[in-house]
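**Student:** Here it is, the structure in full.
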Amino acid sequence: MTDIQFFYPLFLYFLLAVFLLYLLNNLIIMNICTEESMNLMYLKYFVSIADTLSFTESSKRLFVSQPTLSHGISSLESELETMLFIRRHHSLELSESGKKLYAIATQIISLVNRAYDEVKPPVEPETSSLRIGFMTDLLPMCFKSVLSPFLQKHPEIKSHLDQNYVIELHNKLKNNKLDIIITRQSSLYDIPIPGSSTINILEDEFCLAIPVGHPAAKYDRLSDLSIFKDNYFVAMNPEHTSPLTDKLIRICSKRNYQPNFLITESLLDMVLAQVSSGAGITITPKSYLTFKDYPHIKVIELDRQEDIINNIVACYMDNNENPSLQLYKEFLTEDPGREKFVIG
């Protein structure tokens, strides 16, 4: 294939993208006179909501909080000076302007994705490398037992570690940018990864964390959380943890408590520091409290129901044939009767 034959289709894609952007900027319904340019992420939010006609469903699909989605749609509507959705009491539908934008936005997103697929060279894994992703709180907890012994056993394998939020890990695993991720079972329930399998690493569950000076600190287990109705519920920013936030709300509601959220940074350490200082209560994985041993925090177990199970698991794509991954899977599953995986 000559250079001209290779670049000619790419040049046509470029011209088509320019033409679509020209249309987007010149349609009467999209009379854009603001300083901000069209935000591609907001267009993706819009397309998802148009497909599902549900902010709640799109929030789960995109792993983005509903307030973030609402802000994105409001920004688009403000920039385009038109309503994109007709909002009714229990339903949502596209307006005429929304239908026109949908036709254009889907083409733009498709072209952008095609540009990445056809222009950006793929990153192939090295023969003796292993790309491992860890949920933000799991790398310091599990490294010594989940990864360090394996690397000592196989010094020829070069590891590439990625510590990230759940949605980023899931996307990288699906797009072959990671070989395996260490995550929590609940995240895979909320955001399934088709074509993947898991290996259980450590049994874990959600528990209640409260200040040691709280009157409820005398309890070791609770099934009714209504005693905390006047207390703040400290939580991470739902922009990064939307499915987790929804799950915590369900756990609380099932136990007669409607959380009054006190939002902190998107780090579990910040949440526990707030609880330790007496700012409120939270629900968190028991393993992390065991690992950190925070002062001034009382750990209370919740009544044992399926909704509190939150095991630590390894997740990988079934079609990944990386030899290093096969060795790592064998390491994770060998000698299951032995207490190999411990916190710390």
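**Student:** Could you check residue 281 against (1) touching a Pro at 6+ places or on another chain (Cβ under 8 Å); (2) at pLDDT below 95; (3) hydrophobic (A, V, I, L, M, F, W, C) and say which number it fails?
**Tutor:** (2)
**Student:** Hey, among the residues in the stretch 114-130 that are modelled with pLDDT of 70 or more and out of contact with any Asp or Glu (no Cβ under 8 Å at 6 or more places or on another chain), which one's surrounded by the most Cβ atoms within 10 Å (Cβ to Cβ)?
**Tutor:** 129
**Student:** Which members of the stretch 74-93 meet the condition of being among the basic types (Lys, Arg) and either within 18 Å of residue 48 (Cα to Cα) or not assigned by TED's automatic domain parsing to the domain that holds residue 40 (or both)?
**Tutor:** 87
**Student:** What number of residues within the stretch 43-57 satisfy the criterion of being part of a helix (DSSP H, G or I) and surrounded by 14 or more Cβ atoms within 10 Å (Cβ to Cβ)?
**Tutor:** Total satisfying the criteria: 10.
**Student:** Could you please give the count of residues in the stretch 277-329 that are of a type in the set (Lys, Arg) and over 17 Å from residue 222 (Cβ atoms)?
**Tutor:** Result for the stretch 277-329: 2.
**Student:** Also, I was wondering about something else. Taking residue 74 as meeting all but one of (1) surrounded by fewer than 15 Cβ atoms within 10 Å (Cβ to Cβ); (2) modelled with pLDDT of 80 or more; (3) touching a strand residue (DSSP E or B) at 6+ places or on another chain (Cβ under 9 Å), write down the number of the exception.
**Tutor:** The one condition residue 74 does not meet is (3).
**Student:** Right, another one. Scan the stretch 126-159 for residues that are among the small types (Gly, Ala, Ser) and in contact with a strand residue (DSSP E or B) (Cβ under 7 Å, 6 or more places away or on another chain) and jot them down.
**Tutor:** Matches in the stretch 126-159: 128, 129, 133, 159.
**Student:** On to the next question. One residue is enough: does the stretch 165-177 have a residue meeting the conditions under 21 Å from residue 137 (Cβ atoms) and in a strand (DSSP E or B)?
**Tutor:** Checked against the condition, which is being under 21 Å from residue 137 (Cβ atoms) and in a strand (DSSP E or B), the stretch 165-177 yields no hits at all.
**Student:** Can you name the residue in the stretch 275-334 that is farther than 23 Å from residue 147 by Cβ and basic (Lys, Arg) and, of all such residues, is surrounded by the most Cβ atoms within 10 Å (Cβ to Cβ)?
**Tutor:** 298
The values are calculated or read from the model by the stated rules, or taken from the named source; none is laboratory data. Quick caveat, the model's predicted, so the values are computed rather than measured. A quick note on method: Cβ atoms are made from the backbone with ideal geometry, for glycine too, and the neighbour counts reach across all protein chains shown.
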